[in-house]
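None of the figures in this text is laboratory data; all of them are computed from the coordinates on show. Keep in mind that this is a model prediction, so the values were computed, not measured. We place every Cβ from the backbone using ideal geometry, glycine too, and count neighbours over all the protein chains shown.
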Amino acid sequence: MPQTALKIKDHIDLFNDPEYLEIFKRKREQFEDMPDAEEVAKQADYINTMEYREKNFAREALVINPAKACQPVGAAYCAAGFEGTLAFTHGSLGCAAYFRSHLSRHFKEPSAMVCSAMTEDAAVFGGLNNMVEGLANAYALYKPKMIAVHTSCIAEVIGDDLNSFIIQSRDKGSIPTDFPVAYAHTPSFVGSHIVGYDNMMKSILSNFWEGKDRKAGNGVNIIGGFDGYGVANAREIKDIIAAMGADATLLSDVSDIYDTPADGSYRMYDGGTPLEAVTKALDAKATISLQEWCSGKTLDFAKDKGQEVASFNYPMGLGATDDFLMKLSALTGKAIPESIAKDRGRLVDAIEDSLSWIHGKSFSIYGDPDFVYGMTRFILELGGEPAHLLSTNGGNDWEEKMKALLASSPFGASGQVWKGKDLWHMRSLLATEPSDYLIGSSYGKYLEKDTGVPLIRIGFPIFDRHHHHRFPTMFYKGGLRVLVTILDKIFDTIDEKTKVTGISYDLTR
Amino acid sequence: MDGMNPDVKAERKALIEEVLSAYPEKTAKKRARHLNVYDEGKPDCGVKSNIKSAPGVMTIRGCAYAGSKGVVFGPLKDMVHISHGPVGCGQYSWSQRRNYYTGTTGVDTFVTMQITSDFQERDIVFGGDKKLEKVIDEIHAMFPLNKGVSIQSECPVGLIGDDIEAVAKKKAKEHGKLVVPVRCEGFRGVSQSLGHHIANDAVRDWMLGKGKSKEFETTPYDVVVIGDYNIGGDAWASRILLEDMGLRVIGLWSGDATLAEIERGNKGKLNLIHCYRSMNYICRHMEEQYNIPWMEYNFFGPTQIAKSLRAIAEKFDDKIKAGAERVIAKYQPLADAVLAKYKPRLQGRKAMLYVGGLRPRHVADAYGDLGIDIIGTGYEFAHSDDYQRTAHYIKDATLVYDDVTDYELEKFIDKMRPDLVGSGIKEKYSTQKMGVPFRQLHSWDYSGPYHGYDGFAVFARDMDMAINSPVWALNKAPWKAA
């Protein structure tokens, strides 16, 4: 009997016990009717071959282990960063349950969201009644300052008109006539969560900006984009703004809502960009985005309103942060203070101290297009060599820009860009042309298991490690954190390898 | 047993009234029927169930797709399950149920993979059948050792008029392998529950009694275990007991299951059902069609385990009866040692539960074994027969909440201040912020198994670590305390 009260074994140890191994064996032999071991071994070898890779890349319809989510979850994330804002899914009830779970599993935080609970009758008659009743209930129960409506598949397929539904809901008294309700159509069969973020950001700005006159001022708006490290990166950007004394506003600030304290009370809302600041943001001189592919429509909208616009690609490390800071300085007319220059110097110092461990190592990277771009640029600065660079939700413009980035550095020579591919493609790439390391979300743990390429967990979602989102990845300080994360994995991998013989198992490195 | 102090009952009834007062009138009226304080001796819990959720209230429920792909089909390991439609549903449910299995993933088993047709706008406009055909062809090219494919429909499929049944038939013929179409679009029904039913029907129509099952040689001791999804290894910690008492588990649905185990589901002498809510339909079908009796059992906590082992043995001969007694005698010292260790630390504590369709009653006696009282319980997607089955598990004055809303649950927890809440990921963090210990009772909070004697030890350890962690005494800053 494997179990004792003294030292209780859970699933991690229990099922390695001979008694259980015997059960697995007996079940397999007598009841499972699985293919025989030889056949399995043959196929297991085959899926690591170049021939299989070619078949794999010939796929036209089947998607296996994609690294992207759907629009509404991005819209909900965006909405969560505004003061007192409740995300509202107009669609079937399972959708909101999934979005909430997904965000909670990454942030280890509550994720409030309501839905209009559309069912078969709504599919036939439309979801107007669901909206009317849903807005009334949500407003009465959860007392939000704004409701941000996004859609899921059912509402989009049957063609529900959010604008008209919300107007009718106001007429029927569900919510006060002047209560802010932003709304964005976010079909899950178009784009991915980064497009949903963009759509919701644009809809919230429209809600506060449309019909108002812009009095051009000197302020700058900053959009963070969908970011698994949004908590800490928002704090970084606010620190930078404060250090520069710049007149700048972060639009969608999730630093509080996805990092609330445990002190005896549950805060359904916490922090966020004040709604008053959203209104004022119309007068800003410029709107800049930290993630180009999270904000295309929003920046077009800001431009139409007469603002200057600029976008970056997940600024991490030296060059990208330099570019961002100089742009912010130029737009706000504020100098970059010595404290920030010192942060820069500290990152340079850290890179110099550690360069010998990263230089010449190859790194495959996957994730959202801006993240892969920013991460690749930083790897190039570290003297690492980007290998397979894959973005399931990256498009043609991303591919082009990635290739230009690789061409800009001798370290980029062996980089290959894979747009629109999934992690089963990545599996073939790593099996046939392995890199030294892999950088990406928790989904990569299956790649690490199958191909032996060590996974450095940076990306979204991170489900199987805790609290990473509380530390930044952007700018100089985020670069430092990312550097340490990479180095830790490299040193752990070397220790793993060398502890077998003890040779090279060094105390000091 | 004497009834609970009438003051407690009155207090809890007042709490329900207080909670309802926050709703608009129409919704308050609807919600009132789902909340009750249990009166001992009543045959059910006095709440309405399996009714459409009100919009805008933050229901905790999921959808039919979650019930079919997430619960019933997902764990079935040697088939490839297509999340048919846009990318999200498959993405959010990818590897989240912790249905353990043995096998070589991507070669002969496929449980922890996200396989999707990733609908784009053109698929909505022109229909998805052509794409589905290609998806199935490509699955066979990528995973030639698969035993079949299931099509798990997401919302758009049923709205755009696709004929997945025709595709299934065509492709099954072409490839000589099973293709099961499942109409589990998320807008069907009011919760996960209809998805379970639809999945059961798909098993009945496309799988049961088919394949090589006809050649299977049976014995008088064959049982099929139904409704154990092997979360954290539950099914294995159950199987070990059944085999030890002399039974032959010829199929186990659907945790760690293969297609062969599903197909021969009608070959047992007795069907043993753990999760009644999600798979009673197929048991009833087998009873009508094949005269196979079925019985519910409960492998949570030593009291219920021993009771269940004896009840199962009653259906067999003396050899099995003796086997059951031998198993109970073998494990009772473990159970006693676990209780000796943890009961003194947990005695008199109070817990509130809110889970899916089985556990809000099934785990009650396991808590009872540890000396923990259940003061509130409720289900996401139970039906009236579940609430009837709940009545004998719960005590007088237990607060019962069906399809509870986030608002209600937060208020109930805040006012009743239990020592532990057992619910899901969406409830975990808000509860802990309130300073109340929490365990996820869907995924076992990344622990398990909780079934069987081996599992009970883990269950006891986990409840103790949640309740008796030193952190709960530290959540107030000392200069703010008092």
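Dipole of the stretch B:1-77 computed with +1 at Lys/Arg Cβ and -1 at Asp/Glu Cβ about the Cα centre; of B:L76, B:Y23, B:G62, farthest Cα towards the positive end is B:L76.
In peptide A:31-42, how many Cβ atoms from other protein chains are near each Cβ within 10 Å, on average? Walk me through the intermediate numbers first.
Working: counts 11, 11, 12, 12, 9, 1, 2, 0, 4, 6, 2, 2.
Mean inter-chain Cβ contacts per residue within 10 Å come to 6.
In the stretch A:137-296, inverting the average of 1/r over every pair of distinct C-alpha atoms gives 17.3 Å as the Kirkwood radius.
Quick one: pull the percentage of alpha-carbon pairs in the stretch A:438-509 with a separation above 18 Å. Write down the numbers at each step before the final one.
Numbers: 1221 of 2556 pairs.
Value for the stretch A:438-509 (Cα pairs over 18 Å): 48 percent.
Below 8 Å, C-alpha to C-alpha, sequence gap of six or more: please give me the relative contact order for the stretch B:1-134 in percent.
Result for the stretch B:1-134 is 17 percent.
Coordinate range of the alpha-carbon atoms in the stretch A:48-183 per principal axis, descending: 64, 36, 20 Å.
Per residue of B:80-89, other chain Cβ atoms within 10 Å of the residue Cβ number 6 on average. For chain B, the longest principal axis of the Cα atoms and the long axis of helix B:234-244 meet at an angle of about 80 degrees.
Taking every alpha-carbon pair under 8 Å whose residues sit at least 6 apart, chain B reaches a relative contact order of 18 percent.
What do you get when you divide the Cα radius of gyration of the stretch B:384-440 by 2.2 N^0.38 Å, with N the number of residues?
Working: Rg = 12.3 Å, N = 57, 2.2 N^0.38 = 10.2 Å.
Taking the Cα Rg and dividing by 2.2 N^0.38 Å, one obtains 1.20.
Using only alpha-carbon positions in the stretch A:1-76, the gyration tensor eigenvalues give semi-axes of 36, 26, 11 Å once each is multiplied by 5 and square-rooted (largest first). A simple spin-label model places pseudo-atoms 7 Å from Cα toward Cβ; at B:K26 and A:R346 they are separated by 5.7 nm. Computed over the stretch B:412-482, the alpha-carbon pair-distance distribution with 10 angstrom bins reads 19, 46, 26, 7, 1, each value a whole percent.
Subtracting the Cα-Cα distance from 0.36 nm times the residue separation, let me have the gained length for A:D322 to A:K55 in nm, one decimal. Provide the component values of the computation, followed by the final result.
Numbers: separation 267, 0.36 × 267 = 96.12 nm, distance 4.32 nm.
Result: 91.8 nm gained on full extension.
Lacking any other cysteine beta-carbon closer than 4.7 Å, the following Cys residues of the protein assembly as shown have no compatible partner: A:C70, A:C78, A:C95, A:C115, A:C294, B:C45, B:C63, B:C89, B:C184, B:C275, B:C283. Could you check how many percent of all C-alpha pairs in the stretch B:1-126 are farther apart than 17 Å? Summing the P(r) of the stretch B:1-126 above 17 Å gives 71 percent of all pairs.
Given contacts defined as C-alpha pairs under 8 Å and at least six residues apart, what's the relative contact order of chain A, whole-number percent? Could the numbers behind the result be given before it?
Numbers: 929 pairs, mean separation 78.3, N = 509.
Computed over chain A, the figure is 15 percent.
Can you tell me the FRET efficiency between B:Q332 and A:E338 if r is taken as the Cβ-Cβ distance and R0 is 56 Å, rounded to the nearest 0.05? After rounding to 0.05, the efficiency reads 0.20.
A straight chain from B:K13 to B:K212 at 0.36 nm per residue would run longer than the Cα-Cα distance by 66.0 nm. From most to least packed by mean Cβ count within 10 Å, the peptides A:400-407, A:88-95, A:468-475 give A:88-95, A:468-475, A:400-407.
The residues neighbouring B:Y446, those whose beta-carbon lies less than 13 Å from its own, together hold a net charge of +3 under the Lys/Arg +1, Asp/Glu -1 convention. The three principal axes of the Cα atoms in the stretch B:40-186 give end-to-end lengths of 59, 40, 24 Å, sorted in falling order. Amide H contacts of A:N221 (H built 1.01 Å from N, in plane; Pro and chain starts excluded): A:T249, A:A286, A:T287, A:I288 sit under 5 Å, all sequence-distant by 5 or more or on other chains.
Just counting partner chain Cβ atoms within 10 Å, what average do the residues of peptide A:113-124 show around their Cβ? Please list the in-between numbers first.
Numbers: counts 3, 9, 7, 4, 11, 5, 11, 8, 2, 3, 6, 1.
Mean partner shielding for this stretch: 6.
Since only B:Q91, B:T104, B:I372 are under comparison, the one whose Cα sits farthest along the positive direction of the charge dipole of chain B, derived from C-beta charges on Lys, Arg, Asp and Glu, is B:I372.
In angstrom, the C-alpha Rg and Dmax of the protein assembly as shown are 28.3, 90.
Couplings 3J(HN,Hα) for the stretch A:288-305, derived from phi with the Karplus relation 6.51 cos²θ - 1.76 cosθ + 1.60 (θ = phi - 60°), are 10, 10, 7, 9, 3, 7, 9, 8, x, 5, 5, 5, 4, 5, 5, 5, 4, 7 Hz, where x marks Gly and Pro. Based on the Kirkwood approach, the hydrodynamic radius assigned to the stretch B:309-454 is 16.7 Å, with every pair of different Cα atoms included. Rounded to the nearest 10 degrees, the inclination of helix B:452-467 to the longest alpha-carbon principal axis of chain B is 50 degrees. Near A:Y77, once Lys and Arg are set to +1 and Asp and Glu to -1 for all other residues with Cβ below 13 Å from its Cβ, the sum equals -4.
Panel note: the C-alpha atoms of the stretch B:98-181, placed on their principal axes, show extents of 40, 30, 17 Å (largest first). Between A:A407 and B:E133, what's the calculated FRET efficiency when r is the beta-carbon distance and R0 is 51 Å? Round to 0.05. Given R0 = 51 Å and the Cβ-Cβ separation, E is 0.80.
Rounded to whole numbers, the Karplus 3J(HN,Hα) couplings from phi for the stretch A:351-361 are 5, 4, 4, 10, 4, 5, 8, 10, 3, x, 6 Hz, using 6.51 cos²θ - 1.76 cosθ + 1.60 with θ = phi - 60°, and x at Gly and Pro.
In plain terms, the bigger the Kirkwood radius, the slower the diffusion; for the stretch A:244-317, with that radius from Cα pairs, at 10 °C and 1.306 mPa s, Stokes-Einstein puts D at 111 µm²/s.
Dividing the convex hull volume of the Cα atoms of chain B by its residue count, what figure in Å³ per residue is obtained? Dividing the Cα hull volume of chain B by its residue count gives 165 Å³. Our coupling estimate for the stretch B:364-380, obtained by passing each phi through the Karplus curve with A = 6.51, B = -1.76, C = 1.60 and θ = phi - 60°, is 4, 6, 5, 5, x, 4, 8, x, 9, 8, 8, 9, x, 7, x, 10, 6 Hz, Gly and Pro reported as x.
For A:N393, the residues whose amide H sits under 5 Å from its own are A:G420, ignoring neighbours fewer than 5 places away on the same chain, with H placed 1.01 Å from N. To the nearest 10 degrees, how steeply does helix B:302-313 sit against the main Cα axis of chain B, on a 0 to 90 scale? That helix lies at roughly 40 degrees to the long axis.
Highest first, please rank the peptides A:12-23, B:279-290, A:107-118 by the mean number of other Cβ atoms sitting within 10 Å of their residues. Can you show the working numbers first?
Numbers: A:12-23: 14.9, B:279-290: 18.3, A:107-118: 26.6.
Taking the mean over residues of other Cβ atoms within 10 Å, the ranking is A:107-118, B:279-290, A:12-23.
Once you have the Kirkwood Rh of chain A from its Cα pairs, apply Stokes-Einstein at 20 °C and 1.002 mPa s and quote D in µm²/s. Don't skip to the end; give the middle numbers.
On the way: Rh = 24.8 Å.
The diffusion coefficient I find is 86 µm²/s.
Modelled label positions at A:D300 and A:S164, each set 7 Å beyond Cα in the direction of Cβ, lie 2.4 nm from each other.
For the stretch A:374-451, what value does the Rg/Rh ratio take when both radii are computed over Cα atoms and Rh is the Kirkwood radius, given to two decimals?
Details: Rg = 12.1 Å, Rh = 12.8 Å.
My calculation puts Rg/Rh at 0.95.
Using the Cβ-Cβ distance between A:E19 and A:D213 with R0 = 56 Å, the FRET efficiency computed as 1/(1 + (r/R0)^6) comes to roughly 0.15.
Over the stretch A:270-421, what portion of Cα pair distances is larger than 26 Å, expressed as a whole percent?
Values: 4263 of 11476 pairs.
Here the long-distance tail beyond 26 Å is 37 percent of all Cα pairs in the stretch A:270-421.
Checking the cross-link pairs A:K55/A:K361; B:K395/B:K476; A:K27/B:K77; B:K411/B:K480; A:K238/A:K327 against a 25 Å limit on the alpha carbon distance flags A:K55/A:K361; B:K395/B:K476 as lying beyond it.
Using only Cα atoms, what is the ratio of the radius of gyration of the stretch B:1-72 to 2.2 N^0.38 Å? Walk me through the intermediate numbers first.
Numbers: Rg = 15.7 Å, N = 72, 2.2 N^0.38 = 11.2 Å.
Ratio of Cα Rg to 2.2 N^0.38 Å: 1.41.
In this simple spin-label approximation, A:V484 and B:S384 carry label points 7 Å from Cα along the Cα→Cβ vector, and these lie 6.1 nm apart. When you count the other C-beta atoms within 10 angstrom of each residue and take the mean per peptide, B:146-156, A:354-364 line up highest first as B:146-156, A:354-364.
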